[in-house]
1. Just to be sure before I move on: is residue 145 assigned to a loop (DSSP other than H, G, I, E, B) and either among the acidic types (Asp, Glu) or surrounded by 18 or more Cβ atoms within 10 Å (Cβ to Cβ) (or both) in the structure I sent?
2. Return yes when residue 111 is within 26 Å of residue 212 (Cβ to Cβ) and free of Cβ contacts under 8 Å to residues at least 60 places away in the same chain and no when it is not.
3. Please work out if residue 156 is under 25 Å from residue 26 (Cβ atoms), touching a helix residue (DSSP H, G or I) at 6+ places or on another chain (Cβ under 9 Å) and modelled with pLDDT under 95.
4. Can you name the residue in region 81-101 that is more than 19 Å from residue 5 (Cβ to Cβ) and touching a Leu at 6+ places or on another chain (Cβ under 9 Å) and, of all such residues, is surrounded by the fewest Cβ atoms within 10 Å (Cβ to Cβ)?
5. Which ones in region 122-135 are open to solvent by less than 30 Å² (accessible area, probe 1.4 Å) and within 15 Å of the chain's Cα centre (by Cα)?
6. Which residues, counting only those in region 158-181, are touching a Ser or Thr at 6+ places or on another chain (Cβ under 7 Å) and closer than 12 Å to residue 146 by Cβ?
7. Quick check on my filter: what residues within region 53-84 are out of contact with any helix residue (DSSP H, G or I) (no Cβ under 7 Å at 6 or more places or on another chain) and either free of Cβ contacts under 8 Å to residues at least 60 places away in the same chain or charged (D, E, K, R) (or both)?
8. Out of everything in region 160-172 that is under 19 Å from residue 94 (Cβ atoms) and surrounded by 17 or more Cβ atoms within 10 Å (Cβ to Cβ), what residue ends up being modelled with the lowest pLDDT?
Amino acid sequence: MKPRELLGTAQVPDGEELKLYRHDQDFMIVLGHNELMSTRQNGSEIALATQSWARISKAPRPAMLIGGYGMGFTLRAALEKLPQDAHITVAELVPEIIEWAKGPMKDLEAGCLDDPRVRLVMADVAEVISANALSVGGTGYDAILLDVDNGPDGLVRRGNNRLYTMRGLRTAMDALRPGGVLAIWSAARDPNFTQRLKAAGFTVDEVEVRARTNGKGAKHVIWFATV
């Protein structure tokens, strides 16, 4: 069996160290003992984009915010669905994630970050959401997709916790256009978070999806919270 090869490390601001590994033809990004993402399992990351698009497909000139580039599965799936007049903002906090995408994983990146519909912002997604809140004169989004932790808690960095508080959820609501959707990926269910979304004023659809595109693998959860 081939050993796992460490390709790079990255320090998350206000968080822990990420490690990029390659094992044979597969890549994985690891935080401590948690495998955050892997090229072997991308079905739920793809579903995050496709099922969000299904909920906003009638929006004219749709605008989407993706929090966390990861390995680009969500972005590539969105680009396959969204029209040519769409706008997709990708907020990524860790520079090495983009360096890895354009370096050892360039075949996987496949030029998606250079698509004219895409704007890459190296920033905290919470700040991007706040800046685009309609209540403060922002342009807003039809969909905000968050996959920056393993669930609605600040696993990767403590600062992410504010995304999932009542205040954070209402800020996200302020940044959504009428009929817009906030989609949040999680490795597991969290009934308390479901209730918090509802208390914030969202209509909530909690969907269970498999980790792999062939319908196998672990069961993940995506909350689709609609304004």
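The values are calculated or read from the model by the stated rules, or taken from the named source; none is laboratory data. Note that the coordinates shown come from a computational prediction; the quantities given were computed from them, not determined experimentally. Here Cβ is always computed from backbone atoms with ideal geometry, including for glycine, and neighbour counts include all displayed protein chains. For accessibility, only protein heavy atoms count, side chains too; no ligands or nucleic acids. Shrake-Rupley method; radii C 1.70, N 1.55, O 1.52, S 1.80 Å.
1. Details: assigned to a loop (DSSP other than H, G, I, E, B): no; either among the acidic types (Asp, Glu) or surrounded by 18 or more Cβ atoms within 10 Å (Cβ to Cβ) (or both): yes.
Criteria not met by residue 145.
2. Answer is yes for this residue.
3. No: the conditions fail for residue 156.
4. We begin by selecting, within region 81-101, every residue more than 19 Å from residue 5 (Cβ to Cβ); these are 81-95, 98.
If we keep only those that are touching a Leu at 6+ places or on another chain (Cβ under 9 Å) as well, we get 86, 88-92, 94, 98.
Values: 86: 20, 88: 24, 89: 20, 90: 26, 91: 23, 92: 22, 94: 20, 98: 17.
Selected residue: 98.
5. Listed by number, the residues that qualify are 123, 124, 125, 126, 128, 129.
6. Correct list: 181 only.
7. 54, 55, 57, 58, 60, 61, 80, 83, 84
8. Applying the filter and picking the extreme gives 160.
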